[in-house]
Amino acid sequence: MPVSKTNQKRQTGRRGKSKGKSDESLREHVLYLLGEGGAHASFDQAVDGLPAALRSKKLKGIPFSAWGLLEHMRIAQWDILEFSRNAKHVSPDWPEGYWPTSHRPPSADAWDKSVRLFHDDLAAIKRLVRNPEIDLLAPFPYGNGQTLLREALLLADHNAYHVGELILLRRMLGAWPKK
């Protein structure tokens with residue numbers, strides 16, 4: 001089927017490059033930012049090996065524990081994911097709905113469960129970004145101008161910010177691995 005001039009313009013970027021190739025490249029860059037950590041430590045580096053006794057420890061002048069940060073990251077990521085794929089999603093109240101009610105994990109396995117759910121939701125948003133049927137730049141019909149690209153970049157930025165806080169907290173607790 002011949003391509004109309006209008007469609008040909010949409011499929012071609014600057015200097016005649018295929019939009020398909022630039023779209024694929026953009027997706028790869030976003031996936032890298034979401035998963036590899038880039039120039040900073042990864043989520044797994046920040047959470048792995050933190051002794052259970054230190055997960056709920058609060059330091060003077062720091063308003064959260066490692067548990068609080070982990071849960072905040074998980075809840076915020078879940079909210080961004082659900083907003084990105086579900087028009088009927090209702091976000092938690094800000095700010096209280098984005099933080100756990102206690103600085104202590106509610107059970108011995110809560111830390112591992114939160115880490116697992118974080119990974120599951122991160123994998124789900126990566127699937128959305130990877131999906132060539134989803135236009136990264138198309139505004140969600142139910143939002144206020146948000147796009148999948150914007151939400152994925154917001155998530156990468158948010159996660160990087162709090163990974164840094166987790167690492168700083170671990171250093172202050174004396175629990176950052178020395179290499």
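Rule-based calculations on the coordinates, nothing more; no lab input. Bear in mind that the values here come from a model prediction, so they are computed numbers and not experimental data. Using ideal geometry, Cβ is built from the backbone for each residue, glycine included, and neighbour counts are taken over all protein chains shown.
Highest-first packing order for the peptide set 123-135, 87-99, 38-50 is 38-50, 123-135, 87-99, based on the mean count of other beta carbon atoms within 10 Å. With respect to the chain, whose longest principal axis is taken over its alpha-carbon atoms, helix 110-130 is tilted by about 10°.
When the alpha carbon coordinates of the stretch 59-157 are projected onto the principal axes, the ranges are 45, 24, 23 Å, largest first.
Phi angles of the stretch 20-33 translate, via the Karplus equation with coefficients 6.51, -1.76, 1.60 and θ = phi - 60°, into HN-Hα couplings of x, 5, 5, 4, 4, 5, 4, 4, 5, 5, 5, 4, 4, 4 Hz per residue; Gly and Pro are given as x. Per-residue Karplus couplings for the stretch 72-78, computed as 6.51 cos²θ - 1.76 cosθ + 1.60 with θ equal to phi - 60°, are listed in order as 4, 4, 5, 5, 5, 5, 4 Hz, Gly and Pro entered as x.
Taking every alpha-carbon pair in the chain and binning the separations at 5 Å intervals from zero gives 1, 7, 15, 17, 16, 14, 10, 7, 5, 3, 2, 1, 1, 0 percent. Put the Cα centre of the stretch 37-93 next to the Cα centre of the stretch 123-161 and the gap is 19 Å. Taking the Cα centre of the chain as reference, the dipole from Cβ charges on Lys and Arg (+1) and Asp and Glu (-1) amounts to some 660 debye.
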